[in-house]
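Accompanying notes for the structure given below.
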Amino acid sequence: MEIRLLQHSDYSGVREIYKAVSNEYLQYQRQTSGEVYDPVRPDLETSQLDFYVATHCSFAAIENERLLGVLLAQPLRWINDWDKVLWLEYIAVQAAHRRKGIGLALISAAKDFARKHDIKGLFATLNVDNEESKSLLLKAKFEVKDWRIASYSA
Ligand SMILES: CC(C)(COP(=O)(O)OP(=O)(O)OC[C@H]1O[C@@H](n2cnc3c(N)ncnc32)[C@H](O)[C@@H]1OP(=O)(O)O)[C@@H](O)C(=O)NCCC(=O)NCCS
């Protein structure tokens, strides 16, 4: 398995993982509460993927030319008293390939990028319902604080 920068040829693989993970989440919501309380967008737009290719800090996990996992990230300027940070927007691994260290390997690539570019902090949001995401971030030595996010829908 190889971790390399995300490239245009990965788009169909990223979309496949994205759709499968979105369906898993919708199914989880229906099973646990009988309804969808947090709808997700059905697909990623090409312009969004173009953006994440252009950040040069989004990574793909590849084996036998197949995309097994993806991490979409972007550098941000001055948040939470950190001068420069890497914002981890999305990480997902194909269900059949989980618990083999791919998630951690993708995060390690982001940490390496941060070190090389004098970026001191990595940030991610996580859904409190998402145990695997919390466990992954704790294993990757992130502090998981109980902060809330305020959002406004314009
Ligand atoms: C979260 C996710 C990316 C983890 O990817 P992964 O390749 O399976 O992660 P790793 O194999 O590197 O796991 C590293 C550690 O994370 C923790 N972890 C990962 N999945 C876990 C799970 N289902 N339950 C408990 N802990 C888990 C464990 O500590 C694991 O170490 P271990 O296997 O030695 O116990 C993957 O489960 C996934 O794609 N989930 C759906 C999408 C998602 O929820 N993304 C995060 C929010 S955007």
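The values are calculated or read from the model by the stated rules, or taken from the named source; none is laboratory data. This is a predicted model, so every value here is computed, not measured. Because the Cβ atoms are built from the backbone with ideal geometry, glycine has one as well, and the counts that use them run over all protein chains shown.
Residue count for segment 117-152 under the criterion of being closer than 19 Å to ASP38 by Cα and within 13 Å of the ligand (Cβ to nearest atom): the result is 11.
Quick one: in segment 105-154, of everything that is among the β-branched types (Val, Ile, Thr) and under 27 Å from ARG30 (Cα atoms), which residue is modelled with the lowest pLDDT? Walk me through how you get there before you give the answer.
Initially, segment 105-154 is screened for residues among the β-branched types (Val, Ile, Thr), giving 107, 119, 125, 128, 144, 149.
Retained after the next criterion (residues that are under 27 Å from ARG30 (Cα atoms)): 125, 128, 144, 149.
Details: THR125: 90, VAL128: 78, VAL144: 91, ILE149: 87.
Among those that are among the β-branched types (Val, Ile, Thr) and under 27 Å from ARG30 (Cα atoms), it is VAL128.
Taking the conditions exactly as written (farther than 20 Å from GLN48 by Cβ and either loosely packed, with under 10 Cβ neighbours inside 10 Å or touching a Ser or Thr at 6+ places or on another chain (Cβ under 8 Å) (or both)), does ASP83 satisfy them or not? If you could, list the steps in order and put the result at the bottom.
Working: farther than 20 Å from GLN48 by Cβ: yes; either loosely packed, with under 10 Cβ neighbours inside 10 Å or touching a Ser or Thr at 6+ places or on another chain (Cβ under 8 Å) (or both): no.
Taking the combined requirement at face value, the residue does not satisfy it.
Only residues that are in a strand (DSSP E or B) and away from the ligand (no atom under 16 Å from the Cβ): list them for segment 77-116, please. Those that are in a strand (DSSP E or B) and away from the ligand (no atom under 16 Å from the Cβ): ARG77, TRP78, ILE79, TRP82, ASP83, LYS84, VAL85. Taking first residues from segment 99-124 that are closer than 19 Å to LEU68 by Cα and partners that are charged (D, E, K, R) and surrounded by fewer than 19 Cβ atoms within 10 Å (Cβ to Cβ), the Cβ contacts under 8 Å between residues at least 6 apart in sequence or on separate chains come to LEU104/LYS139.
Any idea how many residues of segment 59-69 are more than 9 Å from the ligand (Cβ to nearest atom) and either acidic (Asp, Glu) or touching a residue at least 40 places away in the same chain (Cβ under 8 Å) (or both)? Steps first, answer last, please.
Applying the first criterion (more than 9 Å from the ligand (Cβ to nearest atom)) to segment 59-69 yields 59-60, 62-67.
Filter again for either acidic (Asp, Glu) or touching a residue at least 40 places away in the same chain (Cβ under 8 Å) (or both), leaving 59-60, 62-63, 65-67.
Going through segment 59-69 one residue at a time, the tally reaches 7.
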